[in-house]
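Taking it in order: structure first as structure tokens, then the write-up.
The values are calculated or read from the model by the stated rules, or taken from the named source; none is laboratory data. These numbers were taken from a predicted model, which means no experiment stands behind them. So basically every Cβ, Gly included, is an ideal-geometry build from the backbone, and we count neighbours across all protein chains shown.
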Ligand SMILES: NC(=O)c1ccc[n+]([C@@H]2O[C@H](COP(=O)([O-])OP(=O)(O)OC[C@H]3O[C@@H](n4cnc5c(N)ncnc54)[C@H](O)[C@@H]3O)[C@@H](O)[C@H]2O)c1
């Protein structure tokens, strides 16, 4: 690839992945609404509000591929979610359509299905059950991507990320965790496969207690190597297991199912 766009590059996941993308493209265009620090020699930095249509057009111009991590990543006021995750996504897909339809990895979320129980095993065809407005915005994103695929042929990987971080932080994440190495190998598969289509891909490592079935995307050749189970003893020692009647122990979305709808000012 000549130029890969990474949105949300100043965020938690973006900062962790930014340096790891070096070998994937000649130039990595890093973007966020906040300061991005000094670009490395293979990077170019562009500050951009995803809600600004003209700015997003300029952002996408000249890119062969997009990893879209930017946006609101937790429950928040609807106005904030609307700008970044609804309008922002529409702006991104219109810009992609006008610029040769570069393949997109869309950071969707397990919160599209957060109200399923932890004793249910889901596949890609399971109907959505979002656990808040943030989850609904990711359902919108997946629907938007699918429409652009059916109507125009735009390819997108709808990656329903579980918990992508250095290590799992609690008992729920023993099921939802995805290591940075596994995410990187997934990214490589997504941009290497000759035909991607528009599949849902569950973003978790090869955890013993995972809740999600990725067999429909075996054509990607993605084989996660990490397993959260090696952290179980550490987590057991650090905290009590949640009570069985606690929502955190019942629902796949964990604490998000308890979030309120935030009032506007
Ligand atoms: N980290 C995870 O485990 C996880 C799990 C599920 C989904 N996701 C998704 O992956 C993506 C990255 O997650 P994260 O944990 O790094 O979140 P994060 O909140 O740390 O990063 C998101 C970035 O998006 C930027 N942003 C917010 N509004 C913007 C706007 N209007 N225009 C441009 N940029 C804007 C923020 O400044 C931030 O740097 C998010 O889309 C999130 O929903 C992450």
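Condition first: under 18 Å from residue 190 (Cα atoms), in contact with a helix residue (DSSP H, G or I) (Cβ under 9 Å, 6 or more places away or on another chain) and surrounded by fewer than 18 Cβ atoms within 10 Å (Cβ to Cβ). Now tell me which residues in region 200-219 satisfy that. Answer for region 200-219, where residues must be under 18 Å from residue 190 (Cα atoms), in contact with a helix residue (DSSP H, G or I) (Cβ under 9 Å, 6 or more places away or on another chain) and surrounded by fewer than 18 Cβ atoms within 10 Å (Cβ to Cβ): just 206.
Against the conditions (1) touching a residue at least 40 places away in the same chain (Cβ under 8 Å); (2) more than 15 Å from the chain's Cα centre (by Cα); (3) within 30 Å of residue 265 (Cα to Cα), residue 128 satisfies every one except (1). In this structure, residue 102 does not qualify as free of Cβ contacts under 8 Å to residues at least 40 places away in the same chain, away from the ligand (no atom under 16 Å from the Cβ) and farther than 26 Å from residue 263 by Cβ. Taking the criterion of being in a loop (DSSP other than H, G, I, E, B) and either modelled with pLDDT under 95 or closer than 30 Å to residue 187 by Cβ (or both), the residues of region 223-239 that qualify are 223, 224, 225, 226, 227.
Counting only helices (runs of 4 or more DSSP H) that sit completely within region 1-98, those holding 3 or more residues that are more than 30 Å from residue 263 (Cα to Cα) and more than 18 Å from the chain's Cα centre (by Cα) correspond to 53-60, 88-98. Total residues in region 65-91 satisfying the condition of being within 6 Å of the ligand (Cβ to nearest atom) and touching a helix residue (DSSP H, G or I) at 6+ places or on another chain (Cβ under 9 Å): the figure is 7. Somewhere in region 142-151, is a residue more than 14 Å from the ligand (Cβ to nearest atom), closer than 26 Å to residue 88 by Cβ and either assigned to a loop (DSSP other than H, G, I, E, B) or touching a residue at least 60 places away in the same chain (Cβ under 8 Å) (or both)? Looking through region 142-151, none of the residues is more than 14 Å from the ligand (Cβ to nearest atom), closer than 26 Å to residue 88 by Cβ and either assigned to a loop (DSSP other than H, G, I, E, B) or touching a residue at least 60 places away in the same chain (Cβ under 8 Å) (or both). Look at region 240-251 and say how many of its residues are out of contact with any strand residue (DSSP E or B) (no Cβ under 7 Å at 6 or more places or on another chain), surrounded by 13 or more Cβ atoms within 10 Å (Cβ to Cβ) and not in a helix (DSSP H, G or I). Counting residues in region 240-251 that are out of contact with any strand residue (DSSP E or B) (no Cβ under 7 Å at 6 or more places or on another chain), surrounded by 13 or more Cβ atoms within 10 Å (Cβ to Cβ) and not in a helix (DSSP H, G or I) gives 2. Residue 162 passes every criterion in (1) within 14 Å of residue 210 (Cβ to Cβ); (2) without any contact (Cβ under 8 Å) to a residue 40 or more places away in the chain; (3) within 16 Å of the ligand (Cβ to nearest atom) apart from (2).
Report, ordered by the first and then the second residue, all pairs with beta carbons closer than 7 Å, sequence separation of six or more or different chains, a first member in region 188-215 that is under 11 Å from residue 159 (Cβ atoms) and within 14 Å of the ligand (Cβ to nearest atom), and a second member that is in a loop (DSSP other than H, G, I, E, B) and at pLDDT 95 or above. Short answer, once both residue conditions are applied: 200/124; 201/214; 202/214; 203/162; 204/162; 204/210.
All conditions but one from (1) farther than 21 Å from residue 248 by Cβ; (2) in contact with a strand residue (DSSP E or B) (Cβ under 8 Å, 6 or more places away or on another chain) apply to residue 163; the one that does not is (1).
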